[in-house]
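What follows is a short report on a single structure.
The values are calculated or read from the model by the stated rules, or taken from the named source; none is laboratory data. Quantities reported herein were computed from a predicted structural model and do not represent experimental measurements. Every residue, glycine as well, gets a Cβ built from its backbone with ideal geometry; the counts of neighbours run over all protein chains shown. Keep in mind that these areas ignore ligands, DNA and RNA; they rest on the heavy atoms of the full protein, side chains included. Shrake-Rupley method; radii C 1.70, N 1.55, O 1.52, S 1.80 Å.
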Amino acid sequence: MPTIRFVQHDGREDVIEATVGESVMRAALSHAVPGIVADCGGFLSCATCHVFVADDWVDRIAPRTDEEETMLEMAVEPTEFSRLSCQILVDPDLDGLTLRVPARQF
């Protein structure tokens, strides 16, 4: 199982194992990762699973869709590294993926 590292705004880290094929958001919820709220349950209709992808991982995950871009406009302080974790699907190549969780979600 691939591992994913969530770095909280205070520097604390949660390293979890994720199932191939599930979304990063679903994996985070299954492991009670703080800061991943996921109000819409992964249906791309909120922005409460917002994360920042570590710069060395940005080119290794599928690019944002237009729908994700639109939804990220609702996220708290989005950057070029912002993603919705519901839109990142776990695959074996993501083993070690590092994501930073914002200090707050809407």
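Mind checking which pairs have a first residue in segment 38-62 that is touching a residue at least 12 places away in the same chain (Cβ under 8 Å) and a second that is of a type in the set (D, E, K, R) and part of a loop (DSSP other than H, G, I, E, B), Cβ under 6 Å, 6 or more apart or different chains?
Cys46/Asp39; Thr48/Asp39
Residues being over 19 Å from Glu77 (Cβ atoms) and in contact (Cβ under 8 Å) with a residue 40 or more places away in the chain: count how many of those fall in segment 26-37.
Restricting attention to segment 26-37, the residues satisfying the condition of being over 19 Å from Glu77 (Cβ atoms) are 26-33.
Then drop every residue that is not in contact (Cβ under 8 Å) with a residue 40 or more places away in the chain, which leaves 26-28, 33.
Looking only at that region, the number is 4.
Would it be correct to say that Glu77 is out of contact with any Cys (no Cβ under 9 Å at 6 or more places or on another chain) and farther than 16 Å from Arg104 by Cα?
Working: out of contact with any Cys (no Cβ under 9 Å at 6 or more places or on another chain): yes; farther than 16 Å from Arg104 by Cα: no.
When the stated conditions are applied, Glu77 does not pass them.
Would you please list the contacts, defined by Cβ atoms under 9 Å and residues six or more apart or on different chains, that run from a residue in segment 3-15 that is more than 11 Å from Val33 (Cα to Cα) to a residue that is modelled with pLDDT under 95 and of a type in the set (D, E, K, R)?
Cβ pairs passing all conditions: His9/Arg104.
Please note which strands (runs of 3 or more DSSP E) are completely contained in segment 2-54 and include at least 2 residues that are touching a helix residue (DSSP H, G or I) at 6+ places or on another chain (Cβ under 9 Å), of a type outside the set (Ser, Thr, Tyr) and open to solvent by less than 10 Å² (accessible area, probe 1.4 Å).
Correct list: 3-7, 50-53.
Of the residues in segment 55-106, how many are in contact with a helix residue (DSSP H, G or I) (Cβ under 9 Å, 6 or more places away or on another chain), open to solvent by less than 90 Å² (accessible area, probe 1.4 Å) and assigned to a strand (DSSP E or B)?
Total satisfying the criteria: 5.
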